[in-house]
Amino acid sequence: MNTAIKILATVNAPYGVDMTADANTNINSVDSFNAPVFSFFSEVSPALQMEFINEMGVDKGAAAAVAAGFQELAGYDLPLAA
């Protein structure tokens with residue numbers, strides 16, 4: 001859980017919100033332009049993203065779908081995008 005705590009603190013701090021692990025698998029995060037979730041997929045290293053996903057029991061396919069949605073909006077590749 002140590003990795004998850006560090007990642008959540010890192011992506012939440014600039015926005016003053018509390019992103020949850022579930023937000024990484026909720027496609028509505030793309031539609032609502034959820035900045036902390038985008039930050040997770042664009043600023044956290046792929047290795048730490050996978051560590052977080054595994055540690056938190058996040059559905060990898062759903063997380064990849066959210067990453068793909070943000071990839072389309074951003075116009076550049078995100079490592080976890082399906």
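The values are calculated or read from the model by the stated rules, or taken from the named source; none is laboratory data. Remember, predicted model here, so these are calculated numbers, not experimental data. No Cβ is skipped: glycine too gets one built from the backbone with ideal geometry, and neighbour counts run over all protein chains shown.
Couple of notes before you dig in:
- Test: residue in the range 56-63 that is modelled with pLDDT of 90 or more, crowded, with 17+ Cβ neighbours inside 10 Å, closer than 19 Å to residue 81 by Cα and under 9 Å from the mean Cα position of the chain (by Cα): yes
- Of all residues making up the range 66-80, the number that are under 20 Å from residue 4 (Cα atoms) and either surrounded by fewer than 16 Cβ atoms within 10 Å (Cβ to Cβ) or without any contact (Cβ under 8 Å) to a residue 40 or more places away in the chain (or both): 4
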